Amino acid sequence: MNGQEWVSAFARELGVTEPTADEIEMLLDVASVAAHSSERLAAPLTCYLIGKANISAGDALALAQRLSASE
């Protein structure tokens, strides 16, 4: 099973719509900003917080970039 297949299956099990290609790209960008602005553990935990806050991938990316720029 590749990554896309795993995400699709996980989304189905959660009962949610799987992310679009654009959302995936933005979430990977958020994870990258988080990891490079801090340490690796920030990437998955930031993505968890995005889900918990129920904000869009685009809004999350803007927030992550703003936070990273203020360092």
Q | Residue count for segment 1-57, restricted to those that are in a loop (DSSP other than H, G, I, E, B) and either under 22 Å from Ala69 (Cα atoms) or hydrophobic (A, V, I, L, M, F, W, C) (or both) | A | 8
Q: Among the residues of segment 29-41, write down those that are small (Gly, Ala, Ser) and either under 11 Å from the mean Cα position of the chain (by Cα) or on the phi > 0 side of the Ramachandran plot (or both).
A: Ala31, Ser32, Ala34
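Read the figures in this text as sums done on the coordinates, not as results from a lab. Being a predicted model, the structure only gives us computed values, none of them experimental.
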